[in-house]
Amino acid sequence: MIRWIGPRFSEAIIQPDQQEALSADIPFYVPDIAEYFDVRVDFTLAPLHATHLIIAPDDCVEVLMVNNELIPAAQGKCGYHAGHAFALQNLKRGMNSLYVRVHNTGGPGGLDVRVAYADPLFFSIIILLLLSLSWAASRIIRLFTQSRETSLLPFVIAVALLLRMFLIWHDGHGSDLHLNKEWGLSAMRLGIVESYTRQVDPGMGVPNYPPLNIVAFATGGLVYELFAEQPFDPDSPASHAIIKLPAIAADLVTIIVLFALLIPLGGRRKALAAVALYAIHPAIIHDSAVWGQTDALFTLFMCLALLSLQKKWWFAAGCMLGTALLFKAQALVMLPVLAAAGDVRWRRWLSGAAGGLVAALLVLSPFLLQGATDKILDMYQSSVGYYTSLSLNAHNVWVMLYTNDTGRDSTQLFFNLVSYRTFGIVVWCVFTVIAWLLWRRSIQDDIRTGGRRGMLMLFAAFVAYAFFMFNAEMHERYLFPYLALGLPLLLTGPRGIMLYIAASLLFLLNLIALTPFGEFDKWLFHQEFGKALPVVVATGQTIVFFMTWRHIHRWQRLPHLRPLWPRLRKKFMIFYKRIQLIR
């Protein structure tokens, strides 16, 4: 579609200062080029064409001319991946010309020109296409269910996709995206097993992520070669966007899973409202579509594990949890949840363990066949202590106590007794055990009733929240699973809604402190408030954590959450005694 309404370029002539001219196709990326270079290229437009184009230089535009007309607004604009949109009113049907003088501030240089998402024609076509697909999906759903809310779910997913696609070109976290692309490239060229020993680029370190994450990066590379160009080029603008697609797809599937999880608790209408909020949640969008992180992938399988527990599918729950752990070791927060759901019933635990073992054998079979399981074991062992800072930009209890630049190492002693790392793990375990003992009956009632009390999800959310708040070596993103697992709070009354929104806003501030979305974020954290704002966010997060614990505890004690049979039996006995008195 973009090819139909966008420019069709001929070969570009690149003239670096004091060097010989080069020729390349748009977009291009030259590893070694002069500080200034000129690009001249002709392009054709269809009768019905876009008028808003994104000019993305590496690094800055000095001069931009379209059809020999100077575009003053382009001067000084920088940014290769995201670029800048310009409304070019002098575009015409047929042949057009483009001249760009680029200032390369160091290293490689390049230029990309593409249709802007904000172009009225492109935007209208996308909206029409998404509405048509959503309408078709809703009609298909209506063949199987008469639920109006369920048939509206495709429209929610369409809006979620649209929002993420508008932000997918954001520069995000450059070093993280570069690592992901290089790891994906090595997995494609060398194989998943060999990529844990060496990389295509000798200067790159081997992955410190579990294998399914690397498979996701390689899948992004294969999509690039299928729809963009061959071979996969980690430095191209298209790869910058495509590497984010697995996490975005996981976000969309998570919406469906959360809808299924919340229906027993609040009904279809409230479940739809809750997942609609999740679909447009700024922190969720920022993590996957802006930053380019992959927290959505293992969070999806954590939610699938909860859905399996809700359905009493113990083997499937183990499979889903095992898969989540093969995406990210952080998914271990679900182990206490699986243990609590099993409730000292060995058959449940054994079924779950068998499911996890099957998932591990399937995924790790290439490593087993090549005798390279030690690579995976080393990777998991090194994940603890890989970074030894007390807090890795996570605005939690430690930042509240010592500010963001703690200057402390997780291996140092806390009050000269135990290391910060050990102390954090012990505190997390204590909170988890106390919560399980207090809520054990409610959790079992929730499983017995198929999720009508929401306590299994709320317990999982609390465990994930405590994991982030008290453990050392936490990254800022490690609260991400809580946003999915804690969604039932929206169905527990006004206080639950306020607590969920408060935690979400604080988490969003934590994310943009490291990966700003725009100039306002940079000003807020790096100029205006400096070190004070992280402490404020961490203090607020600590307060919200304890208020959330208290709210969940009060929720599980409400009369309407007590088991139904004892209440009915009590009422029947009162009625029976009255009948006896009448006689």
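The values are calculated or read from the model by the stated rules, or taken from the named source; none is laboratory data. These numbers were taken from a predicted model, which means no experiment stands behind them. Because the Cβ atoms are built from the backbone with ideal geometry, glycine has one as well, and the counts that use them run over all protein chains shown.
Observations
- Any chance I54 is in contact (Cβ under 8 Å) with a residue 60 or more places away in the chain, part of a loop (DSSP other than H, G, I, E, B) and closer than 20 Å to H84 by Cα: no
- Output for segment 12-55, where each listed residue is acidic (D, E) and either modelled with pLDDT of 90 or more or touching a helix residue (DSSP H, G or I) at 6+ places or on another chain (Cβ under 7 Å) (or both): D38, D42
- Reported count of residues in segment 443-464, each being surrounded by 23 or more Cβ atoms within 10 Å (Cβ to Cβ) and on the phi < 0 side of the Ramachandran plot, is 13.
- Restricting A118, A137 to residues that are over 30 Å from S175 (Cβ atoms), modelled with pLDDT under 80 and either not in a loop (DSSP other than H, G, I, E, B) or not basic (K, R) (or both) narrows the list to A137.
- The number of residues in segment 56-73 being out of contact with any Gly (no Cβ under 6 Å at 6 or more places or on another chain) and within 22 Å of A241 (Cβ to Cβ) comes to 4.
- For segment 165-181, residues that are within 11 Å of K244 (Cα to Cα) and either buried (at least 18 other Cβ atoms within 10 Å of the Cβ) or at pLDDT below 80 (or both) total 8.
- Residue check for S97: touching a Lys or Arg at 6+ places or on another chain (Cβ under 8 Å), farther than 29 Å from L129 by Cβ and either among the hydroxyl-bearing types (S, T, Y) or in contact (Cβ under 8 Å) with a residue 60 or more places away in the chain (or both): yes
- Restricting L265, L258 to residues that are modelled with pLDDT of 95 or more, over 29 Å from G518 (Cα atoms) and either in the same structural domain as A484 (by TED's automatic domain parsing) or not small (G, A, S) (or both) narrows the list to L258.
- Of all the listed residues (A50, A46), the sole one being under 21 Å from A238 (Cα atoms), surrounded by 14 or more Cβ atoms within 10 Å (Cβ to Cβ) and small (G, A, S) is A50.
- Total residues in segment 85-135, condition over 18 Å from I54 (Cβ atoms), buried (at least 19 other Cβ atoms within 10 Å of the Cβ) and among the small types (G, A, S): 1
- Looking only at residues in segment 396-418 that are touching a residue at least 40 places away in the same chain (Cβ under 8 Å) and under 11 Å from A472 (Cα atoms), the one that is nearest to the chain's Cα centre (by Cα) is N396.
- In segment 184-193, the residues that are surrounded by fewer than 20 Cβ atoms within 10 Å (Cβ to Cβ), free of Cβ contacts under 8 Å to residues at least 40 places away in the same chain and touching a helix residue (DSSP H, G or I) at 6+ places or on another chain (Cβ under 8 Å): none
- Taken as a whole, the condition of being outside any strand (DSSP E or B) and under 22 Å from D38 (Cβ atoms) does not apply to G172.
- Residue list for segment 194-205, filter: at pLDDT 90 or above and exposed (fewer than 15 other Cβ atoms within 10 Å of the Cβ): T197, R198
- Condition met for L377 (in contact with a Pro (Cβ under 6 Å, 6 or more places away or on another chain), within 24 Å of V206 (Cβ to Cβ) and assigned by TED's automatic domain parsing to the domain that holds F546): no
- Residue satisfying all of: in segment 370-420; touching a Lys or Arg at 6+ places or on another chain (Cβ under 9 Å) and of a type in the set (A, V, I, L, M); surrounded by the fewest Cβ atoms within 10 Å (Cβ to Cβ) among these: V384
- Evaluation of A317 against (1) in contact (Cβ under 8 Å) with a residue 40 or more places away in the chain; (2) closer than 27 Å to L377 by Cβ; (3) of a type in the set (G, A, S) (one fails), failing number: (1)
- Some residue of segment 30-42 being closer than 30 Å to K244 by Cα, in a loop (DSSP other than H, G, I, E, B) and among the acidic types (D, E): yes
- Count of segment 481-494 residues which are surrounded by fewer than 24 Cβ atoms within 10 Å (Cβ to Cβ) and either small (G, A, S) or more than 20 Å from A271 (Cα to Cα) (or both): 1
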